[in-house]
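A short write-up of the structure that comes next.
The values are calculated or read from the model by the stated rules, or taken from the named source; none is laboratory data. Everything numeric in this text was worked out from a predicted model, so none of it was measured. As a convention, Cβ positions derive from the backbone with ideal geometry for all residues, glycine included, and neighbour counts pool all protein chains shown.
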Amino acid sequence: MVYADGLEFARVDEFHARNLGADFLTGRQSMTQLLNFPNVGERIHLGWSEEAQNFSIAGRDAAPSLSGVYYGAEFVDQFAACSTAPAQAPRKAQFSVAIAEGRLTLASLLDDGTRCTLSAPGRLEPDGYFRTFVDETLSSSCVFYSGGFRLAVNGERLEGRSVDGVCQNHRAVGAK
């Protein structure tokens with residue numbers, strides 16, 4: 001029951017509270033960040049507050065640009081039902097990303113000199129990643145991404161995956 005000036009003005013019959021394993025969590029510290037929140041290009045830093053038993057905003061600054069060069073590797077996952085060939089080793093890769101007017105362009109350069117460029121419209125999702133799907137007609141020029149390719153970048157990480165899935169999957173991972 002909630003009172004103001006001695007008069008009840010609200011009543012809650014049931015509520016649920018969750019805890020983190022103790023009624024009052026002590027001795028813990030943590031910081032984390034939310035990229036591209038509350039707007040694209042912004043980053044919020046959250047810190048654990050023991051007194052409030054909650055995360056609070058500890059700072060705000062510019063997030064890394066979604067566009068730029070991500071360094072990483074391209075992996076091939078082969079399915080045993082299709083081939084007895086030995087698994088391919090990951091290949092080092094450089095992924096250049098440009099985002100303009102809601103369109104993501106990816107230019108991949110693998111360590112063996114293989115190049116591939118994909119481009120498709122996308123959007124910023126609530127998790128801070130800009131996501132796009134390049135369908136099989138647009139990805140056919142890239143042999144290792146034929147069948148379509150899903151790609152996500154957040155200014156720090158790049159994650160991609162082919163959607164063929166019949167005999168092998170190609171994955172791209174990178175970081176700035």
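Worth a mention:
- Applying the condition of being at pLDDT below 90 and in a strand (DSSP E or B) to region 146-176 and asking which residue is farthest from residue 77 (Cα to Cα) yields 149.
- Single match in 120, 107 (criterion: assigned by TED's automatic domain parsing to the domain that holds residue 77, of a type in the set (Gly, Ala, Ser), closer than 19 Å to residue 73 by Cα and at pLDDT 90 or above): 107
- Pick from region 29-51, criterion under 30 Å from residue 157 (Cβ atoms) and surrounded by fewer than 10 Cβ atoms within 10 Å (Cβ to Cβ), ranking: modelled with the lowest pLDDT: 39
- Residue match in region 91-104 (condition: loosely packed, with under 11 Cβ neighbours inside 10 Å, in the same structural domain as residue 154 (by TED's automatic domain parsing), charged (D, E, K, R) and without any contact (Cβ under 8 Å) to a residue 60 or more places away in the chain): yes
- Condition met for residue 113 (outside any strand (DSSP E or B) and at pLDDT 90 or above): yes
- Residue satisfying condition, being of a type outside the set (Asp, Glu) and under 16 Å from the mean Cα position of the chain (by Cα), within set 53, 78, 33: 33
- Considering region 125-140, the residues that are part of a strand (DSSP E or B), modelled with pLDDT of 90 or more and not charged (D, E, K, R) include one that is farthest from residue 160 (Cα to Cα), namely 130.
- Matching entry among 77, 61, 112, 127 (being over 22 Å from residue 157 (Cβ atoms) and of a type in the set (D, E, K, R)): 112
- Strands (runs of 3 or more DSSP E) wholly inside region 9-84 that include at least 1 residues being within 27 Å of residue 126 (Cα to Cα) and in contact with a Cys (Cβ under 6 Å, 6 or more places away or on another chain): none
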